[in-house]
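S.K.: Sharing a structure here in structure tokens format.
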Amino acid sequence: MAVRHGVRFRSTVAAVLVVAVGLVAGAVALVALLRAELTDDVRQAARARAEQVAAVIESGRGVPSLAVADRDEQFIQVLDADGDVVAASANVDELPALARPGKDGESRITTPLDEDEFLVVATLADAPDGQKTVLVGRALIAVAEATQIVTRLLLVGLPLLLLLAGAATWMAVGRALAPVAAIRAEVEEISSAQLHRRVPLPRGRDEIAGLAATMNRMLDRLERAQKAQRRFISDASHELRSPVASIRQHAEVALAHPGRTTQEGLAATVLAEDLRIQHLVDDLLLLARADEHALRPDRRPVDVDDLVLDEARRLRTAATGLRISTAGVSPARLAADPQGLRRVLRNLGDNAARHARHRVAFDLTQEEGRIVLGVEDDGPGVPAAERERIFERFVRLDDARSRSVEEGGGSGLGLAIVAELVAAHGGAVTVSGGALGGARFEVSLPAREDLGPD
């Protein structure tokens, strides 16, 4: 089976590489430091022995005994001013000067004793018969052996440490990613018909728990969107069924009983129902564009008060028996889509006229950079618990505010269209209780003061 280079594998490799670099650097530094420390110990011992011999020579008591404890690891030579050997330890008594002091008073040589490397320290002594140079050499074999032992131990121990680090990282990352595997398995099982399912939430508040919570919130949104879509399709089908059924019913009656209806009457019925279908389809298309964020108002300077007065005149003609008041309308101008504002006014006006008992009132003011349009009626009003839901699609309230289409009611899309058009203009629409006792719909739009003439 091919190795899958996933997060677990890459994390383990990265951790092993980082640890390896650190361990190798530490090992090199350790060996170098150990070698330096041991070499310094050898240097100090050789210097102490050389100074001891130099002190005896300077005292005028002649050359002291140059015996050495270990003939293979140490030698002593005393040189005169010409560099000739005047005294030496027994192991080098027949050899010439083995070293010449360097600038720092020491040097390294390989002796003919056993071809080991020696560190030679030179010290000057002012004797009564002239200046002498004391050479003390000590073998560095102990330094080499110690560093070799440590190096071998590191060569064995470092791979084991890397293996342990890799295993620990593999296990730790595996445990950390276990909830991700559970989340992925659950998401694989979730289909469009099972959006009610949720991914398991791991304990804790780490990034994976945050991911699971985010995915559950996403599933919540998808479930709500799916339910809204299904409800929208169901409601649209229901609304379209009514005019289609009405046309079919009148057509069947006309075919079965030709004498009970006239051609003009049938045509008028079909035309009226067709207009209902056309208006509903137009509303559905507008809402579909809003869902796709495709509502882009064609903004131009608009006298909003003229549009309000036009709508009031239309209602006076269409809604006989209602008093339409425009006393609160004052001049206001803004950059907006004229057709969109007319649609907003018509939907609000029709809604108010549909539910009003005797009066409908329009008001329009401009304050603090915003234009506020109000439409009131003296009908039953909107309950406070329904004031947000009323702007949803296909929502028609019960009781007095829910007459059927045949009785003058709407399809339940008018206020939803108002909310979408107002939002496309950067405004907001709200509903509250009005001064007339019924509902007051208030539209707030941002105004611009730099508009020129049309």
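S.K.: Please work out whether segment 193-345 counts as rounded, prolate or oblate from its C-alpha gyration tensor, where a ≥ b ≥ c are the square roots of the eigenvalues and a/c under 1.5 means rounded, while otherwise a/b larger than b/c means prolate and anything else oblate? Write down the numbers at each step before the final one.
M.R.: Values: a/c = 3.49, a/b = 1.38, b/c = 2.54.
Oblate is the answer for segment 193-345, as a/c is 1.5 or above yet b/c matches or exceeds a/b.
S.K.: Additional query: Please report the relative contact order for the chain, taking Cα pairs under 8 Å with a sequence separation of at least 6, and give it as a percent rounded to a whole number.
M.R.: Numbers: 622 pairs, mean separation 44.8, N = 454.
Result for the chain is 10 percent.
S.K.: Residue by residue through segment 264-280, which ³J(HN,Hα) values in whole Hz follow from phi under the Karplus form 6.51 cos²θ - 1.76 cosθ + 1.60 (θ = phi - 60°), with glycine and proline marked x?
M.R.: So the Karplus estimates, Gly and Pro as x, are 5, x, 5, 5, 5, 5, 4, 5, 4, 5, 5, 5, 4, 5, 4, 4, 5 Hz.
S.K.: Counting only C-alpha contacts under 8 Å and six or more residues apart, can you give the relative contact order of segment 152-243 as a whole percent? Don't skip to the end; give the middle numbers.
M.R.: Values: 34 pairs, mean separation 17.4, N = 92.
Averaging sequence separation for qualifying contacts and normalising by length gives 19 percent for segment 152-243.
S.K.: Then there's this: Per-residue ellipticity at 222 nm for the chain, helices alone: DSSP H runs ≥ 4 residues times -39500 (n - 2.57), over residue total, nearest 500 deg cm²/dmol?
M.R.: On the way: 7 runs with 224 residues, N = 454.
Helices in the chain give a 222 nm mean residue ellipticity of -18000 deg cm²/dmol.
S.K.: Moving to a separate point now. How large is ³J(HN,Hα), in whole Hz, for each residue of segment 326-334 in order, when computed from phi with the Karplus curve 6.51 cos²θ - 1.76 cosθ + 1.60 and θ = phi - 60°, using x for Gly and Pro?
M.R.: Running phi through 6.51 cos²θ - 1.76 cosθ + 1.60 with θ = phi - 60° gives 10, 5, x, 8, 10, x, 7, 9, 7 Hz.
S.K.: Follow-up question, since we're still on this one. State the Cα centre-to-centre distance between segment 98-174 and segment 412-429 in whole Å.
M.R.: When both Cα centres are located, 87 Å separates them.
S.K.: Relative to a virtual label point 7 Å from the Cα of Val270 in the Cα→beta-carbon direction, which members of segment 215-244 show backbone nitrogen distances below 17 Å?
M.R.: Zone members listed by number: 243-244.
S.K.: Simple spin-label model, 7 Å along Cα-to-Cβ: Leu164 to Glu392 in nm?
M.R.: For the pair Leu164/Glu392, the computed spacing is 6.2 nm.
S.K.: What does the charge add up to near Thr365, with Lys and Arg as +1, Asp and Glu as -1, over the other residues with Cβ less than 11 Å from its Cβ? If you can, show how the numbers build up before the last one.
M.R.: On the way: positive: Arg370; negative: Asp305, Asp363, Glu367, Glu368, Glu442.
Net local charge, Thr365 excluded: -4.
S.K.: Find the relative contact order for segment 192-297 and round it to a whole percent, using C-alpha pairs within less than 8 Å whose residues are 6+ positions apart. Spell out each step's value before the answer.
M.R.: On the way: 43 pairs, mean separation 19.1, N = 106.
Relative contact order, segment 192-297: 18 percent.
S.K.: With Rg and Dmax of the Cα atoms in Å as the read-out, I listed (1) 23.3, 73; (2) 20.7, 62; (3) 50.5, 160; which label goes with the value calculated from this structure?
M.R.: Derived directly from the coordinates: (3).
No lab work stands behind these numbers, since they all come straight from the coordinates. Model, not experiment: these values are computed from the prediction. Positions of Cβ are generated from backbone atoms using ideal geometry, with glycine treated the same way; all protein chains shown enter the neighbour counts.
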